[in-house]
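Visitor: Following this message is one structure expressed as structure tokens.
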Number of protein chains: 2
Amino acid sequence: MHDVKAFELQTWTHQQLELIENALMQWVPADTKAHLGESMRYAVLGGGKRLRPLLCLAARQSIKSQDAEWQNHDSSGHQGPVESGEPGDSYGALAMDHAALRAACALELIHAYSLVHDDMPCMDDDVLRRGQPTVHVQFGQAMALLCGDALQALAFELLTPSESLVPARIQASLCRYLSQAAGHSGMAGGQAIDLSSVGFVLSQEQLQDMHAKKTGALLHASVMMGASCSGPQAFSPTIQSAFSTYAKALGLAFQVVDDILDVVSDTKTLGKTIGKDAANGKPTFVSLLGLEGAQSYAHALHQEAQDALMGAGLKDVRALAGLADLVIKRRS
Amino acid sequence: MHDVKAFELQTWTHQQLELIENALMQWVPADTKAHLGESMRYAVLGGGKRLRPLLCLAARQSIKSQDAEWQNHDSSGHQGPVESGEPGDSYGALAMDHAALRAACALELIHAYSLVHDDMPCMDDDVLRRGQPTVHVQFGQAMALLCGDALQALAFELLTPSESLVPARIQASLCRYLSQAAGHSGMAGGQAIDLSSVGFVLSQEQLQDMHAKKTGALLHASVMMGASCSGPQAFSPTIQSAFSTYAKALGLAFQVVDDILDVVSDTKTLGKTIGKDAANGKPTFVSLLGLEGAQSYAHALHQEAQDALMGAGLKDVRALAGLADLVIKRRS
């Protein structure tokens, strides 16, 4: 996919985004009979940074660089379903790349559904997302509700294709990671804490716990899901631990930067209404640590993520390292 | 579980409901820190017929009666995860019963989430469900939205426990069935058609298509998911086809009876506001076929379901047959 000697994050990202956008175009249904498919495509295909899919594919590639079991199978590709022997035996590296692409898209669908529901009048009541009318403004509230519900289901549909494409072991593992990250102990749980914390002063620990669930869990799952698309031995406990630390630090840094941007950016650059969190009395890292305090916290988390990554002992983690840089340096 | 010579549907149902209620009590989180767990338990544990879980367990038991691979393994139970050989080799009948119980609860969670979202003001705007205030009345709209979202995620979490409990092959298959039944080509798709059909006159074919998706898909999945918790050979193509016909006829009969009850029942018996569909200009089988026409259509579908069941060639389908009777005879 890329020259080991001359890795360019921008080139790599461009290549991955093409894969991701094409896959989403193909897998999000186009059926518009009752406007459901139309609203789903509107919610998903209208742009976005695709950070979660990129993390997923970057993690898959870093493991692939090490995966002795598969690295010589690139040309043979997928050879069909397992009938006997070790689970995953007869699947090649191409099948694992395919699994990771499905995982990448499933993660984006969960993220997209959360935005659709989050924007609704009973939640954040936002009318603008990525510079466009939000789904409920465009299609009505009832359709926005269904759109989000259907996107969540579609995520799990993408993870469970025929076993001739992806081994059952990987399918089950991906569904396990995603459901835990999306549910009551992950994203939805974080949203509930967020909801009940409006107007309250949270400690830094409480704020971190809320964000670890609300946005962190899905970012964490992005890394772990991509890395788990591999032969049974490749995603070792050492790498799992290093990736988990990387992902948690990156997830928190992402939110700290979000809070900073909500203060220093303008609506046009950010593509959504700014200053809303402060106006709504929601606690943020800026309100808690001050602007400079938040900025130095973001940099410390960035360093923690990079250190963990270097400690994984993998041949090539440049894409993951580059994405951590992006999270810190982003302007929107 | 029951004496083959003296099957009593009521006794069987009573036993299964105890299993189901206990499992739901255990698996739906009790954490009430931010009221999310509380709202989820309120939505799920507040009663209900548990038709989907019962269908699932009935289908599992009918297959078990035939499953040569497992029927002598009852006492040995689960013997640990697969390491080699045929997928499922070292899992016993108890592990398959456990998988079916997880599937049964996952189905109920999807059903429960759909009711929570369906009752919201932007959808049906119902304030009463099973004689109690609906979730958004009790917890607010934002929490009801999150509650439904978290229940859907929890369904997939239940289906993907450790592989020491349920083989990956079964986990993947259950997630595949459930995501397809819940999503854009199933329940959510049917809801969208329903939404866009208010005030229109639908043909019987269009009405059936809508219901086949809206309620039929999940009832169909209930039967197929329960039956798929078995050794690899037990759920043969012949049985799959027979069960599919049974489940589709039963699902449609269920909806026809629903429409009849909406006209002939009263709010107290039904536990929800009656006559709303007609008042909202929603097409129903009664508005299309008349009351008597709808009643005889329900009976024809019931017969179709029973015929298909008898054609499956299984030793014991009495629980499934009994549930089809219940669907026709129910008064609420």
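Nothing in this text is a laboratory measurement; each read-out follows from the coordinates by a stated rule. Small disclaimer: the values here were computed from a predicted structure and weren't measured. Don't worry about glycine lacking a Cβ; one is built from the backbone with ideal geometry, like all the others, and counts go over all protein chains shown.
Visitor: Of the residues that make up the stretch B:136-150, is at least one surrounded by fewer than 24 Cβ atoms within 10 Å (Cβ to Cβ) and within 20 Å of the chain's Cα centre (by Cα)?
Guide: No, the stretch B:136-150 contains no residue that is surrounded by fewer than 24 Cβ atoms within 10 Å (Cβ to Cβ) and within 20 Å of the chain's Cα centre (by Cα).
Visitor: Also, quick follow-up: Kindly indicate whether residue B:151 is touching a residue at least 60 places away in the same chain (Cβ under 8 Å) and facing another protein chain (nearest Cβ under 8 Å).
Guide: No.
Visitor: Would you please name the residue that is farthest from the chain's Cα centre (by Cα), looking only at residues in the stretch A:171-205 that are in a loop (DSSP other than H, G, I, E, B) and either aliphatic (A, V, I, L, M) or surrounded by 24 or more Cβ atoms within 10 Å (Cβ to Cβ) (or both)?
Guide: Among those that are in a loop (DSSP other than H, G, I, E, B) and either aliphatic (A, V, I, L, M) or surrounded by 24 or more Cβ atoms within 10 Å (Cβ to Cβ) (or both), it is A:201.
Visitor: Another question about this same structure. Can you name the condition, by its number, that residue B:168 falls short on among (1) without any contact (Cβ under 8 Å) to a residue 12 or more places away in the chain; (2) more than 24 Å from residue A:115 (Cα to Cα); (3) at the interface with chain A (Cβ under 7 Å from one of its Cβ atoms)?
Guide: (1)
Visitor: If you go through the stretch A:202-216 one residue at a time, do you hit one that is in contact with a helix residue (DSSP H, G or I) (Cβ under 6 Å, 6 or more places away or on another chain), away from every other protein chain (no Cβ under 14 Å) and within 17 Å of residue A:309 (Cβ to Cβ)?
Guide: yes
Visitor: Here is a follow-up. If you go through the stretch A:118-176 one residue at a time, how many are β-branched (Val, Ile, Thr) and in contact with a Leu (Cβ under 7 Å, 6 or more places away or on another chain)?
Guide: Going through the stretch A:118-176 one residue at a time, the tally reaches 1.
Visitor: Sticking with this structure for a sec: Give me the residue from the stretch A:25-51 that is among the hydroxyl-bearing types (Ser, Thr, Tyr) and closer than 14 Å to residue A:116 by Cβ and, out of that set, farthest from the other protein chains (Cβ to nearest Cβ).
Guide: Per the criteria, the residue is A:42.
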